[in-house]
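*Asks:* Quick one: the structure is below, questions incoming.
The values are calculated or read from the model by the stated rules, or taken from the named source; none is laboratory data. Every value quoted in this text rests on a predicted model; they were computed, and no experiment measured them. Cβ placement follows ideal geometry from the backbone for every residue including glycine, while neighbour counts extend to all protein chains displayed.
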Amino acid sequence: MNVELVRIVDSIARDKNIEKEVVFADLEQAMVSAVRKAHGPMDEVVVNIDRLSGEITASRNNEPIDMKELGRIAAQTAKQVMIQKIREAERGSIYEEFLERKGTVVTGTVSRFEGGALIVNLGRTEGFLPRSEQIPGETHHPGERIRCLILDVREAPHQVKIVLSRSHPDFIGRLFELEVPEVAERIIEIRALAREAGYRTKIAVSSIDSKVDAVGACVGVRGSRIKNIVLELGGEKIDIVRWNESSQILIGNALKPAEVQETALCFELGRATVVVAEDQLSLAIGKRGQNVRLAARLTGWDIDILTPAEYNKNLDELEKVLTGIEGVGEDKIAKIQALGIISLGDVEEVGAAPLVKDVGLAEELAAQVVSIASEAAKRLAIETAAAKALAMEEAAAAAAAAEAAAAAGEAATAEGEPATSESVGAEASPSAESGVEARNEPAEESAVETVPGDQPGAADSADGPTQASD
């Protein structure tokens with residue numbers, strides 16, 4: 001009985017995660033190759049290994065042979081064939097195992113760097129973390145433990161290529177499943193997720209149990225759960241948004257921390273026009289437009305953010321143009337605005353079909369409305385561009401005048417002459433035109449001179465600082 005052979009087969013099958021029958025079959029094939037190497041490639045060779053006792057029986061051309069008499073070269077051939085077969089079987093096992101784990105989070109150890117990519121030791125094999133799937137600004141060093149999402153599993157020549165990711169949005173969802181039991185148990189559902197890796201993530205959640213607060217459960221006691229996720233992501237900010245079936249409410253929640261005053265939805269364009277107060281505008285847009293961009297991805301709406309003045313201006317221009325068209329009354333204008341069309345440009349983009357179907361205009365009248373609105377929108381665009389150009393020219397002229405005045409003051413100081421308010425007033429023509437009289441006293445004397453309280457100048461000098469402090 002060859003007990004040692006059975007024990008070795010059990011060990012290989014367990015370590016490589018291969019079926020014992022596959023290992024036995026590979027050994028038999030390796031021994032057949034060894035016999036043919038020793039005697040001849042065309043011989044009929046049969047080798048059997050008893051699965052229980054490990055006894056080996058072999059025959060060549062129906063004649064029994066002893067495997068121990070094959071020699072060193074045949075044994076070396078058997079060894080090479082056996083190693084190749086077992087590696088192929090192991091590669092197939094690894095492919096099947098990680099293919100089933102695709103989309104899950106795996107923990108590994110940073111092994112080495114290859115160019116910009118990271119090679120991660122996953123135990124039985126290695127994973128490949130490309131630079132494009134790494135979090136921007138994040139650094140790693142060999143030996144560091146790291147969590148990654150199994151993004152893809154591919155069969156490559158002589159290996160299984162496992163592509164990992166830390167920047168994919170699904171990585172956030174899997175981390176929530178690990179840290180928040182309610183998410184793993186599907187009591188809390190992640191309804192939408194938008195991410196800019198390394199900077200900010202917005203995630204919309206809802207609960208199927210009215211007793212479980214979706215946002216509170218994800219945050220945890222004193223933020224314990226969300227802190228673990230943020231720490232894993234290297235400080236990336238995460239906004240947890242309460243999901244709502246109403247798009248208007250959802251958009252308002254997604255734009256937090258900005259407060260939304262009004263939301264108009266245009267289903268024809270897939271656009272939401274959001275009105276926020278002037279002091280909330282920068283907060284709603286976010287740094288480099290990040291907040292509104294993530295909110296648009298989260299909700300699936302193209303979001304335009306306007307101040308109340310801009311919103312009312314667009315409505316006034318729209319009403320002014322449409323009122324002048326015969327056959328378009330106030331009720332028709334109200335229906336048009338109810339479709340989320342709040343500007344002349346929207347009328348041009350929507351076209352005539354919705355005006356006929358939803359507003360009830362005749363086809364000829366709808367086409368006329370679109371044509372007139374398009375011409376008015378182009379005219380307003382030209383006027384707006386001209387006004388901006390004029391404002392820029394005036395600002396440039398004012399800046400040039402200020403620079404000239406400053407240069408004249410520096411030149412006078414360099415010559416040793418005191419710079420009087422009279423000379424400054426002569427150089428700065430805008431101040432003289434605005435009604436500010438130039439004083440004949442030197443500027444330094446007027447700054448330090450103490451004026452009695454009963455003089456008119458005392459009251460003027462006292463009012464200035466008080467207004468500035470207010």
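*Asks:* Go through ILE238, ILE226 for me and flag whichever is within 15 Å of LEU298 (Cα to Cα) and among the aliphatic types (A, V, I, L, M). Give the steps one after another, and end with the answer.
*Replies:* On the way: ILE226 fails: within 15 Å of LEU298 (Cα to Cα).
Selected residue: ILE238, the only one of ILE238, ILE226 that is within 15 Å of LEU298 (Cα to Cα) and among the aliphatic types (A, V, I, L, M).
*Asks:* Considering GLU133, GLU88, which residue is exposed (fewer than 15 other Cβ atoms within 10 Å of the Cβ) and either in the same structural domain as VAL32 (by TED's automatic domain parsing) or among the charged types (D, E, K, R) (or both)?
*Replies:* Details: GLU133 fails: exposed (fewer than 15 other Cβ atoms within 10 Å of the Cβ).
After ruling out the rest, the residue left standing is GLU88.
*Asks:* Let me ask you something else. Given the structure, is GLY198 part of a loop (DSSP other than H, G, I, E, B), out of contact with any Asp or Glu (no Cβ under 8 Å at 6 or more places or on another chain) and closer than 25 Å to SER167 by Cα? I'd like the intermediate steps shown before the answer.
*Replies:* Working: part of a loop (DSSP other than H, G, I, E, B): yes; out of contact with any Asp or Glu (no Cβ under 8 Å at 6 or more places or on another chain): no; closer than 25 Å to SER167 by Cα: yes.
No: the conditions fail for GLY198.
*Asks:* Kindly indicate the residue of the stretch 1-44 that is among the β-branched types (Val, Ile, Thr) and within 17 Å of ARG87 (Cβ to Cβ) and also surrounded by the fewest Cβ atoms within 10 Å (Cβ to Cβ) among those meeting that condition.
*Replies:* Kept after step one, since they are among the β-branched types (Val, Ile, Thr), are these residues of the stretch 1-44: 3, 6, 8-9, 12, 18, 22-23, 32, 35.
Narrowing further to those that are within 17 Å of ARG87 (Cβ to Cβ): 8-9, 12, 18, 22-23.
Numbers: ILE8: 14, VAL9: 21, ILE12: 19, ILE18: 19, VAL22: 20, VAL23: 22.
Among those residues, the one meeting the criterion is ILE8.
*Asks:* Can you find a residue that is among the aliphatic types (A, V, I, L, M) and either touching a Gly at 6+ places or on another chain (Cβ under 8 Å) or closer than 19 Å to LEU269 by Cβ (or both) anywhere in the stretch 381-402?
*Replies:* Keep residues of the stretch 381-402 that are among the aliphatic types (A, V, I, L, M), which gives 381-382, 385-387, 389-392, 395-402.
Keeping just the survivors that are either touching a Gly at 6+ places or on another chain (Cβ under 8 Å) or closer than 19 Å to LEU269 by Cβ (or both) gives 381.
Among the residues of the stretch 381-402, at least one is among the aliphatic types (A, V, I, L, M) and either touching a Gly at 6+ places or on another chain (Cβ under 8 Å) or closer than 19 Å to LEU269 by Cβ (or both), which makes the answer yes.
A quick yes/no check of all residues on (1) within 33 Å of the chain's Cα centre (by Cα); (2) assigned to a helix (DSSP H, G or I):
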residue	(1), (2)
GLY289	yes, yes
LEU298	yes, yes
ASP304	yes, no
GLU310	yes, yes
LYS320	no, yes
ALA367	no, yes
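*Asks:* A further question on this structure: Taking ARG186 and the conditions (1) basic (Lys, Arg); (2) on the phi < 0 side of the Ramachandran plot; (3) touching a residue at least 12 places away in the same chain (Cβ under 8 Å), which numbered condition does it fall short on, given that it satisfies the others?
*Replies:* (2)
*Asks:* Criterion first (closer than 30 Å to ARG91 by Cβ, crowded, with 22+ Cβ neighbours inside 10 Å and in contact with a strand residue (DSSP E or B) (Cβ under 7 Å, 6 or more places away or on another chain)) does ARG195 satisfy it? Walk me through how you get there before you give the answer.
*Replies:* On the way: closer than 30 Å to ARG91 by Cβ: no; crowded, with 22+ Cβ neighbours inside 10 Å: yes; in contact with a strand residue (DSSP E or B) (Cβ under 7 Å, 6 or more places away or on another chain): yes.
No; evaluated as a whole, the condition is false for this residue.
*Asks:* Among ILE172, ILE238, ILE208, ILE249, which is exposed (fewer than 15 other Cβ atoms within 10 Å of the Cβ) and either in contact with a Ser or Thr (Cβ under 6 Å, 6 or more places away or on another chain) or in the same structural domain as GLY289 (by TED's automatic domain parsing) (or both)?
*Replies:* Going through ILE172, ILE238, ILE208, ILE249 in turn, the sole match is ILE249.
*Asks:* If you don't mind, there's one more thing I want to ask. Could you tell me whether THR299 is buried (at least 19 other Cβ atoms within 10 Å of the Cβ) and either of a type in the set (Val, Ile, Thr) or more than 27 Å from GLU245 (Cα to Cα) (or both)? Show your work before the answer.
*Replies:* Details: buried (at least 19 other Cβ atoms within 10 Å of the Cβ): yes; either of a type in the set (Val, Ile, Thr) or more than 27 Å from GLU245 (Cα to Cα) (or both): yes.
Against the criterion (buried (at least 19 other Cβ atoms within 10 Å of the Cβ) and either of a type in the set (Val, Ile, Thr) or more than 27 Å from GLU245 (Cα to Cα) (or both)), THR299 qualifies.
*Asks:* State whether one or more residues within the stretch 416-435 are out of contact with any Gly (no Cβ under 9 Å at 6 or more places or on another chain), assigned to a helix (DSSP H, G or I), at pLDDT below 80 and surrounded by fewer than 11 Cβ atoms within 10 Å (Cβ to Cβ).
*Replies:* Start the filter on the stretch 416-435 by keeping residues that are out of contact with any Gly (no Cβ under 9 Å at 6 or more places or on another chain), which leaves 416-418, 420-422, 425-426, 428-430, 433-435.
With assigned to a helix (DSSP H, G or I) added as a condition, the list becomes 421-422, 425-426, 429-430, 433.
Checking the rest, the ones that are also at pLDDT below 80 come to 421-422, 425-426, 429-430, 433.
With surrounded by fewer than 11 Cβ atoms within 10 Å (Cβ to Cβ) added as a condition, the list becomes 433.
Scanning the stretch 416-435 turns up at least one residue that is out of contact with any Gly (no Cβ under 9 Å at 6 or more places or on another chain), assigned to a helix (DSSP H, G or I), at pLDDT below 80 and surrounded by fewer than 11 Cβ atoms within 10 Å (Cβ to Cβ).
*Asks:* Is it the case that LYS37 is closer than 30 Å to LEU122 by Cα, basic (Lys, Arg), in contact with a Ser or Thr (Cβ under 8 Å, 6 or more places away or on another chain) and in contact (Cβ under 8 Å) with a residue 40 or more places away in the chain? Spell out the reasoning first.
*Replies:* Details: closer than 30 Å to LEU122 by Cα: no; basic (Lys, Arg): yes; in contact with a Ser or Thr (Cβ under 8 Å, 6 or more places away or on another chain): yes; in contact (Cβ under 8 Å) with a residue 40 or more places away in the chain: yes.
For LYS37, the condition - closer than 30 Å to LEU122 by Cα, basic (Lys, Arg), in contact with a Ser or Thr (Cβ under 8 Å, 6 or more places away or on another chain) and in contact (Cβ under 8 Å) with a residue 40 or more places away in the chain - is not met.
*Asks:* Tell me yes or no: at least one residue of the stretch 45-53 is of a type in the set (Asp, Glu), surrounded by 12 or more Cβ atoms within 10 Å (Cβ to Cβ) and modelled with pLDDT under 85. Give the steps one after another, and end with the answer.
*Replies:* Going through the stretch 45-53, the residues of a type in the set (Asp, Glu) turn out to be 50.
Narrowing the set further to residues that are surrounded by 12 or more Cβ atoms within 10 Å (Cβ to Cβ) leaves 50.
Among the residues that remain, those that are also modelled with pLDDT under 85 are: 50.
Yes, there is a match, as at least one residue in the stretch 45-53 is of a type in the set (Asp, Glu), surrounded by 12 or more Cβ atoms within 10 Å (Cβ to Cβ) and modelled with pLDDT under 85.
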